[in-house]
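Single-structure report; data block below.
Here, each number is a calculation from the coordinates, and none is a lab measurement. Since the model is a prediction, treat every value here as computed from it, not as a measurement. Cβ atoms come from the backbone with ideal geometry, glycine included; neighbour counts cover every protein chain shown.
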Amino acid sequence: MLVSVRISSALAAFAVALTTATAALADAPERVVSINLCTDQLGLLLAAPGQLVSVSRLAHDPDSSAMAEAARALPTNGSRAEEVYLLNPDLVLAGTFTDPATVQMLRGLGIRVELFAPATALSDVRDRLAQMGAALGQQDEAARMIADFDAALNDLGDAPATRPRAAIYYVNSYTSGDRTLAGDILRMAGFDNVATEAGLSDGGTLPLEQLVMLAPDVIVTGRDYPGQARAEDVLGHPALRALQDTAVAGSLTDQDWICGTPAVLNAVREMRALRLHLEAAG
């Protein structure tokens, strides 16, 4: 009798689980369009085959997208409401900084729009994966990816005896503070961010003269793209090369640093390797 009760309980639990899974699949959107670089990549990571039907144009750009190769299998869109509407989506993935008029128009046409905030810390990667998993009906795959991300991030964590002082330096003398994704990558890799010493906890302008006076141990410069603009002059300024005790690391701040996806692990690994190299060089 006891065995029979246990079997019945197990069958009931299985039925509930099957019903829940079936309902989740039934609610999953079938035609998903992404109009934001970061939702492009999250969607590519988690969407079922055929579920994601279009991505933004930036998704195909290897300088911006960590998943450009995978994205080329899909057509792109210009992120405009009229164009997106013609793709007949039942879900549109957008960023919180997407043009509000576009979002309002799509919602007014009865199309569901899911908004994703930009990541400002490594911990946000988990939240963005979970949100995308829920939006696409891929919660189990998202949970697996979050567990893998946490394990990989844990493996990269250590407690260095000394923390070199680093600066991230983009065009127009822009830098990232501790309350940014790039700043959190620096922290996780074992660096202190000189932007904090300059009073910049978020992003902001760090004049070249102030950067030179701060004399960080390493400067991580932004990518110098093809073409020429005066805004890029600071990246190759002789004053940076004249800092005798500062290593200029070159353009590490590229596609792996932009979005809250597991690609940030590549940035942490690269910066951690740089720190270990500096420690070995003494």
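Taking a sphere under 15 Å around the Cβ of residue 84 and counting the other residues whose Cβ falls inside, with K and R at +1 and D and E at -1, yields a net charge of -1. Just to compare against my own numbers: the Cα pair-distance distribution for the range 168-227, 5 Å bins, whole % per bin, please. Over the range 168-227, the share of Cα pairs per 5 Å bin runs 4, 20, 32, 27, 12, 4, 1 percent.
Where does the charge balance sit around residue 130 when Lys and Arg score +1, Asp and Glu -1, over other residues with C-beta under 13 Å from its C-beta? Overall, the nearby charge balance is -3. Segment residue 266..residue 97, full-extension length gain: 58.3 nm, with 0.36 nm per residue of separation and the alpha-carbon distance subtracted. Around residue 57, with a cut-off of 14 angstrom between Cβ atoms, what is the net charge of the other residues, counting Lys and Arg +1 and Asp and Glu -1? The answer is -2.
Expressed in Å, the radius of gyration and Dmax of the Cα atoms of the range 27-153 are 13.8, 42.
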